[in-house]
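A.B. asks: Just passing along the structure, written as C-alpha cells.
All of the numbers you see were taken from the coordinates with simple rules; none came from a lab. None of these values were measured; they are calculated from a predicted model. Please note: Cβ atoms are built from the backbone with ideal geometry, for glycine as well, and neighbour counts cover all protein chains shown.
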C-alpha cells in the first residue's frame with residue numbers, strides 16, 4: 001500500500017464513501033445513540049450542543065427533535081450541504097417555535113482541528129468513529145479547541161470503535177461487506193512503529209469500482225484519558241457499549257464521558 005498522507009480526510013469524504021455511510025447506520029442506531037447522549041450529557045432541552053464532526057447531521061437532527069439547540073461542524077462540503085438542505089426543508093415543514101425546528105440547528109463547514117469560540121456550548125460530542133482521524137499533535141489541537149468552546153463544567157462524550165483494546169484483538173488484514181447496493185472490500189495493515197492503521201477501501205457499485213485510502217491512529221483508552229486530562233477535562237466514565245457495560249479488552253466500542261474542568265492549577269479556563 002502506497003504511503004497515505006496524514007491529511008487524508010481532507011479529500012476522502014465525498015461521493016461513494018458518504019453513500020455507504022448513509023446506508024450503514026439504521027435509524028434505530030441513531031435513536032439509541034441519541035438516548036445515550038441525553039443521559040450522558042445530563043442537560044435540559046434548550047441547551048446548546050456541539051456535534052463534531054457532524055456528518056450529514058443524523059444525530060444533530062435527532063437531538064434537535066428532543067429540544068436541544070445544535071451546532072454541527074464537519075470538513076465534508078457534501079455532507080454540510082446535505083445537512084443545510086435538510087434544515088431548509090425542516091423550516092418549511094415546521095414553524096420556528098416547534099422543537100427541532102430550523103432555528104434550532106446550524107451547520108458549519110470547518111476543520112475539527114480548529115474549533116472556534118470560547119465558553120459557547122453546554123455540551124459536546126464526537127461520534128461516528130472519527131476520534132483518531134488525526135495524528136497526536138492535531139488530536140491535541142482538537143481537544144484543546146473543544147475544551148475552550150465548552151462552558152466550565154460542560155460534558156464532552158466520545159465514541160470510537162478504534163481504541164487499541166477494541167481494534168487490535170480482532171484485527172483483520174482484509175474484510176468484505178455488502179451495505180445496500182455497495183460492496184466494499186477493506187484492506188488494512190497495522191503499522192506498529194506508528195500505532196496506526198493504513199486502510200484501502202475498494203467500493204463496487206453498478207459495475208464501477210473506486211478506491212480510497214485512509215489512516216487511523218490507534219490510541220489506548222489510557223492514552224485517550226491522558227490526552228483529555230491535558231486538554232482540561234476530568235474523566236467521569238468509560239463504557240464499552242451503549243447500555244453502559246464497563247469498557248474492557250475486546251469491547252467493540254469505547255464511550256468516554258468527561259467534564260471540562262472549571263479551572264486548572266494555574267489559571268481559570270474561562271471567566272464565564
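A.B. asks: Of all the Cα-Cα pairs you can form in segment 80-212, what percent are over 26 Å apart?
C.D. replies: Details: 4085 of 8778 pairs.
The proportion of pairs with Cα distances above 26 Å equals 47 percent.
A.B. asks: Treat the count of other C-beta atoms within 10 Å as a stand-in for reagent exposure and order 43, 143, 134 from fewest to most. Before the final figure, lay out each step's value.
C.D. replies: Details: 43 18, 143 26, 134 22.
Placing the least packed residue first, the sequence is 43, 134, 143.
A.B. asks: While we're on this one: With 10 angstrom as the radius, rank 12, 171 by how many other C-beta atoms surround their C-beta, starting from the fewest. Can you show the working numbers first?
C.D. replies: Numbers: 12 18, 171 11.
The most exposed by this proxy come first: 171, 12.
A.B. asks: How many Å³ per residue does the convex hull of the Cα positions in segment 170-272 occupy?
C.D. replies: Details: hull volume 18.6 nm³, N = 103.
Hull volume over Cα atoms, normalised by residue count, gives 181 Å³.
A.B. asks: Segment 1-146: Rg/Rh from Cα coordinates, Kirkwood Rh?
C.D. replies: Details: Rg = 15.4 Å, Rh = 15.9 Å.
Using Cα coordinates only, the ratio equals 0.97.
A.B. asks: Sequence gap at least 6, Cα distance under 8 Å: using those rules, report the relative contact order of the chain to the nearest whole percent.
C.D. replies: The value is 18 percent.
A.B. asks: Out of every Cα-Cα pair in segment 166-216, what percent are more than 15 Å apart?
C.D. replies: Every Cα pair in segment 166-216 considered, those over 15 Å come to 50 percent.
A.B. asks: Pairs of Cα atoms under 8 Å, at least six residues apart: use those to get the relative contact order of segment 166-216, whole percent. List each step's numbers first, then the result.
C.D. replies: Numbers: 81 pairs, mean separation 13.1, N = 51.
Computed value for segment 166-216: 26 percent relative contact order.
A.B. asks: Right, next: List 39, 151 from most exposed to least, where exposure is judged by having the fewest other Cβ atoms within 10 Å.
C.D. replies: Working: 39 12, 151 18.
Sorted ascending by nearby Cβ count, the order is 39, 151.
A.B. asks: May I pose another question? By how many nm would the segment from residue 178 to residue 137 grow when fully extended, if each residue of separation counts as 0.36 nm and the alpha-carbon distance is taken off? Walk me through the numbers on the way to the answer.
C.D. replies: Details: separation 41, 0.36 × 41 = 14.76 nm, distance 3.54 nm.
Between residue 178 and residue 137, full extension yields 11.2 nm more.
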